[in-house]
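The values are calculated or read from the model by the stated rules, or taken from the named source; none is laboratory data. These numbers come from a predicted model, not from an experiment. Cβ: placed from backbone, ideal geometry, glycine included. Neighbour counts: every protein chain shown. These accessible areas exclude ligands, DNA and RNA; they are computed on the full protein's heavy atoms, side chains included. Shrake-Rupley method; radii C 1.70, N 1.55, O 1.52, S 1.80 Å.
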There are 2 protein chains.
Amino acid sequence: MMMAYAGARNKRIVELCHQHGINAVGLSGLDGKMIQGVRNKGIRVYQDGKLKILRDYSGKPEVINEGLLDLLLSHGYVPVLTVPIMDEQNFAINTENDDVVRVLQKTLRADTVINLIEAPGFLENKDDEGSLIRRIAVGELDAREQQVDGRMKRKMLAVRKLFEHGASKVIIADGRTGHPVKDALSGKGTVIE
Amino acid sequence: MMMAYAGARNKRIVELCHQHGINAVGLSGLDGKMIQGVRNKGIRVYQDGKLKILRDYSGKPEVINEGLLDLLLSHGYVPVLTVPIMDEQNFAINTENDDVVRVLQKTLRADTVINLIEAPGFLENKDDEGSLIRRIAVGELDAREQQVDGRMKRKMLAVRKLFEHGASKVIIADGRTGHPVKDALSGKGTVIE
């Protein structure tokens, strides 16, 4: 699954970038150890009266190879990053994209972060795409986080952390449109600042 | 299929490299247009009395992005390249690995090329892994090419072209061993010079 992202999905985005004049380079977290992390310790379960540790190949990102990222950026390449990432034993592990974005934002001291999702933005009512909230103040984030659950709750928590690490604007916008980044930068979606 | 190489196969090699202290970066030919080529024109077929052109997404590599390759090499990264490559319209196309090796050798002016296959090397009798030919002189290549067919014939033709472009040694060796590159450099397999 995570290799499918590194193959089909990532390379398709790179191909589309070049078709639109963007000199993209697709990299997984493994390549040049671009994204290093720590593998989850596993969970303890009792099975047939015995304690077992169930451990999968997942974990949390911690460090970006800033040297490689700067090398590419300063030579006009646009890195397109994807899971998997590298664990402390040099094994591939899966991780949450929102966590990678957080570590990237901190490393690059990014001012603005665009978060594309499969919805027009943060919705007042998750079943009504017309209920888009266009502006959220940073001070409101805590309350908005309480309002939602599941993946969106995790995303709002991740967004809150971006501001703790110095972001001044986060835009949650629709990734399904013809020009999602241009739309986001022109103020469509939910602008949080 | 070609995206599976860019994902699962390439990233697995990158992961193994890092586990052995090699700072690998896996790139497809799409990334930074590392390998650019020309798409095949297609073949003409008559179907129900009408002429049709059947065209797939395959082609021939022509140019390496030497700047990106040098940038990575000069900063201590080991590029691990894979199909797909980029055609002249910025679409992903598949191609023969042997053709990519030829363009790479020419670009890098590589002295030695190691070609790992699923056999001990060039075999006198393709069904007998014990019939390894250990040394082939460049002058013999033409005759050896006549001796085989299918994929091996194409490979021997590709090897002959490497010498035309300045290679001084080509080693065809077994990719299935524990240390295929070390084995090849120590003289196992078929050494052509």
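Hey, residue A:28 hits all of (1) in contact with a helix residue (DSSP H, G or I) (Cβ under 6 Å, 6 or more places away or on another chain); (2) more than 14 Å from chain B (Cβ to nearest Cβ); (3) of a type in the set (Ser, Thr, Tyr) but one; which does it fall short on?
Only one criterion is unmet by residue A:28, namely (2).
Of the residues B:53, B:114, B:136, which is aliphatic (A, V, I, L, M) and open to solvent by less than 50 Å² (accessible area, probe 1.4 Å)?
Just one listed residue meets the conditions, B:136.
Out of A:145, A:124, A:164, which single residue is free of Cβ contacts under 8 Å to residues at least 24 places away in the same chain and open to solvent by less than 20 Å² (accessible area, probe 1.4 Å)?
None of the other options fit; the residue is A:145.
Residue under question is residue A:175, and the condition is that it be within 14 Å of the chain's Cα centre (by Cα) and farther than 20 Å from residue A:95 by Cα; does it hold?
Spelling it out, residue A:175 is indeed within 14 Å of the chain's Cα centre (by Cα) and farther than 20 Å from residue A:95 by Cα.
Given the conditions (1) open to solvent by 60 Å² or more (accessible area, probe 1.4 Å); (2) closer than 23 Å to residue A:158 by Cβ; (3) more than 13 Å from the chain's Cα centre (by Cα); (4) at pLDDT below 95, report the number of the one that residue A:96 does not fulfil.
(3)
When region A:18-38 is examined, which residues are found to be touching a residue at least 40 places away in the same chain (Cβ under 8 Å) and either aliphatic (A, V, I, L, M) or open to solvent by less than 40 Å² (accessible area, probe 1.4 Å) (or both)?
A:22, A:24, A:25, A:26, A:27, A:28, A:29, A:30, A:34, A:35, A:37, A:38 - these are the residues of region A:18-38 that are touching a residue at least 40 places away in the same chain (Cβ under 8 Å) and either aliphatic (A, V, I, L, M) or open to solvent by less than 40 Å² (accessible area, probe 1.4 Å) (or both).
Those residues that are under 13 Å from residue A:174 (Cβ atoms) and either among the small types (Gly, Ala, Ser) or touching a helix residue (DSSP H, G or I) at 6+ places or on another chain (Cβ under 8 Å) (or both), I need them from region A:109-129; list them, please.
A:114, A:115, A:116, A:117, A:119, A:121, A:122
Within region B:150-173, how many residues turn out to be among the β-branched types (Val, Ile, Thr) and not in a strand (DSSP E or B)?
Going through region B:150-173 one residue at a time, the tally reaches 1.
Which is crowded, with 18+ Cβ neighbours inside 10 Å, at the interface with chain A (Cβ under 8 Å from one of its Cβ atoms) and within 17 Å of the chain's Cα centre (by Cα), of B:84, B:61, B:79?
B:84
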